[in-house]
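Nothing in this text is a laboratory measurement; each read-out follows from the coordinates by a stated rule. Quantities reported herein were computed from a predicted structural model and do not represent experimental measurements. Positions of Cβ are backbone-derived with ideal geometry, glycine not excepted, and every protein chain shown enters the neighbour counts.
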Amino acid sequence: LDIAKCLYDAISTLEKFHGNDESDKTSSIINETLKNVKKSKMNKSQLLAMQSIIENMFNGKIPTLRDIIGESRFEYVNPTSTALEAALLMSKSRKGVLVLKKKDLVGILTPKDLLTRVVAKGLSPDEVIVSSIMTPNPDSVEPDITVIDALREMHDHKYLHLPVREESGRVVGVVDVMELVNSATGEGGKGWRGFFEEAMNIKGDNDTSDTMSINSKHASTFRSKIGSNKSNKIIERPVSKLRPKAPITIPDNLSVYEVATLMASKRADAALLIDSNNGLSGIITDNDFTRRIVSKGVDTKSSIVRNLMTKDPKCVLTTDSAIDALEMMVDNHFRHLPVL
């Protein structure tokens with residue numbers, strides 16, 4: 001499971017559903033939202049979908065990106081900085097880093113960029129300069145837009161990071177999708193439950209999953225990793241309803257460089273590592289490459305990935321509760337969760 005994909009799918013479902021609503025009635029919550037959203041381009045169906053999010057997640061009070069970022073100083077790199085320097089900053093913040101030249105935003109560098117443009121290319125992080133691997137001239141948003149609008153921007157463009165700057169051009173910082181997820185959990189931290197539950201109820205029970213089982217006969221081996229959400233109750237909305245993508249599976253005895261090359265060829269930001277018995281032994285993500293490999297100066301061609309992966313990760317079964325799985329991801333700040 002990818003929490004970003006689950007979020008985007010839920011937003012799309014709500015928009016399609018409310019797009020069929022012929023009522024012209026708009027709630028006072030949406031009217032209040034419009035006052036706080038500058039230059040909003042949302043149509044009626046999008047507004048109604050956002051109303052659902054507001055009611056279930058924020059109890060009517062919508063935080064802005066300024067609320068999330070605050071006034072603290074943010075870290076950035078220069079175009080002439082090295083990939084290693086950028087990786088050290090990203091390891092600290094656990095997200096991408098902005099590239100500034102004389103206080104002007106000229107690019108953004110993310111963990112996936114380090115994975116695909118440095119490690120998978122066999123390059124030395126201390127010799128690669130940021131300007132050669134960054135995404136130049138990224139889109140940005142203003143700090144006073146709401147989390148709702150920021151999620152819409154990410155959803156529409158499939159972004160995982162959003163640079164934030166004032167209308168004057170002054171850069172304020174950068175937010176990533178996990179920050180928005182964790183800032184929008186609502187009172188008591190459970191606001192996402194109602195949001196995802198409504199989206200799944202709208203979909204009904206006829207969705208099919210494109211999940212590819214790692215090896216079903218070994219699934220019982222991993223039940224101890226699933227967590228405490230198991231019970232004897234009937235699960236009405238299983239994980240399969242979230243339509244988890246077929247995983248990228250890679251032997252755990254390959255080198256870090258070989259794994260990075262395979263992930264880059266699939267444009268993947270996470271992979272499941274498989275042992276000699278074809279069982280799940282670990283997971284590795286683009287953030288792991290940044291924190292454990294690039295920033296540590298690891299020799300990628302001689303290091304075996306099983307020594308650097310996250311071993312024995314928590315997992316869920318396709319028959320487990322979808323809502324409990326999502327809650328596990330939000331509570332533990334997991335962006336990826338293996339499904340067996």
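For this structure, a couple of remarks:
- For the range 258-266, putting each phi into the Karplus relation 6.51 cos²θ - 1.76 cosθ + 1.60 with θ = phi - 60° gives couplings of 5, 5, 4, 5, 5, 5, 5, 5, 9 Hz, in residue order, rounded to whole numbers and with x for Gly and Pro.
- Residues listed by number, the range 76-103, amide nitrogen under 20 Å from Ile129 label point at 7 Å toward C-beta: 76-89, 97-103
- For the range 68-165, size of Cβ-based charge dipole, Lys and Arg +1, Asp and Glu -1, in debye: 220 debye
- Note on Asp331 and Arg170: with the Förster distance fixed at 41 Å, the Cβ-Cβ geometry gives a FRET efficiency of about 0.70.
- Length-normalised contact order of the range 132-182 in % [C-alpha pairs under 8 Å, at least 6 apart]: 33 percent
- Tensor-based shape of the range 233-279 (alpha-carbon gyration tensor, a/c under 1.5 rounded, otherwise prolate or oblate): oblate
- Gain in span if fully extended, Leu100 to Asn307, counting 0.36 nm per residue against the direct Cα distance: 71.0 nm
- Karplus-derived 3J(HN,Hα) values for the range 171-177, using 6.51 cos²θ - 1.76 cosθ + 1.60 with θ = phi - 60°, are 7, 9, x, 9, 10, 10, 4 Hz; glycine and proline are entered as x.
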